[in-house]
Every structure is written in C-alpha cells, then in structure tokens.
1. Semi-axes of the equivalent ellipsoid of region 86-193: what are they in whole Å, largest first, if each equals the square root of 5 times a C-alpha gyration tensor eigenvalue?
2. Between residue 80 and residue 122, what is the FRET efficiency for a Förster distance of 35 Å, r being their Cβ-Cβ separation, to the nearest 0.05?
C-alpha cells in the first residue's frame, strides 16, 4: 500500500516499471496482483515444493499437502514481502542491482545496519537493514543479499562485491544444509575465480 501511495499506481505496475522492465526480468512476476489478479496457479514450468513431515507418511511430502499449491491465498498472503516468482538468473541480476542501489543511497553504513544473530557456523558476522542482509564468511568474503522461505521453498540470493559475483540458490525443500551448499560455492569461487 505504501508503494502504491508513493508511486501513484498499482504495486505490480510500479515494480514492473521501476525494476523488472529496466533489468529485463521477463520471467519475474507477482501472482495475485494486477495483471495477474485471479491467477490461482503458477504457470508452467514450475517447481514443486517439499516439506519434511514424518516417517509415517514417507518423510517428504509435497508442500501442497499442507497448502494447496494452486491456492490463491498462498500467493497473495505474502504480497510484496515475498510474492515474486522468478528464475535464478534473474534473481542474480537483481541482487547485484539491489546492492548497488543500497550502496548509492547510503543504506549500507554501520549506522543504518543492525547487528543480528549468526545463523550458521560458516559465518562470523551478520547485519540487516532496509531489506538487505550483510554476511561475513569465515574465509573473509563479505556478501550482501537476502534469504527467503515459503511453504516448500527456500532461496539464497547474494552479491559478493569483491569478486563482482552474484549467487542465486533456489531450493524446492526446506534444506537444513543450505549454508553448507553456499559454503561449497564460496570455496569454489575462492579456488577458481
């Protein structure tokens, strides 16, 4: 509602005009808002999310077992806080843009960012502010971006300024080892790039 009030247009129009079109993010959209109002399923191709339930049902079940994957409520409940559908390539492009936008606006200064609890033993520092997270890896890499989660899915999207590299990891399950996977990517970058 704030976006619509400030921009003077519907939220999807604002997001599309200011971010998606300029960044050529043609596979990114918001379900459940104009022009996708009434959309009750994600167009193909799409990923199916999984959740770990318990051994009596075989352990892993489709997230649609808990929330119907075609349920309009699932998409609209997160609206502008996580209702975007995208690809890893477009998310990687976005996080680099978002980092530089935040840097240019002065939103990455220590007086703006708040210290947070460490979420993984791979990290030595974490800060948060204005929708962007800062992490320092134990090997010294500093990276900026965000993580996300919704029924059956998780994402990790980060930009490493020192290497000018963006990383977008998309999981169709709630992986407890996602930081281990990210750590492997950083080790590869450290050794080969």
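Each value in this text was obtained by applying a stated rule to the coordinates, not by laboratory testing. Values in this document were obtained by computation on a predicted structure and should not be read as measured data. Using ideal geometry, Cβ is built from the backbone for each residue, glycine included, and neighbour counts are taken over all protein chains shown.
1. 20, 16, 15
2. 0.70
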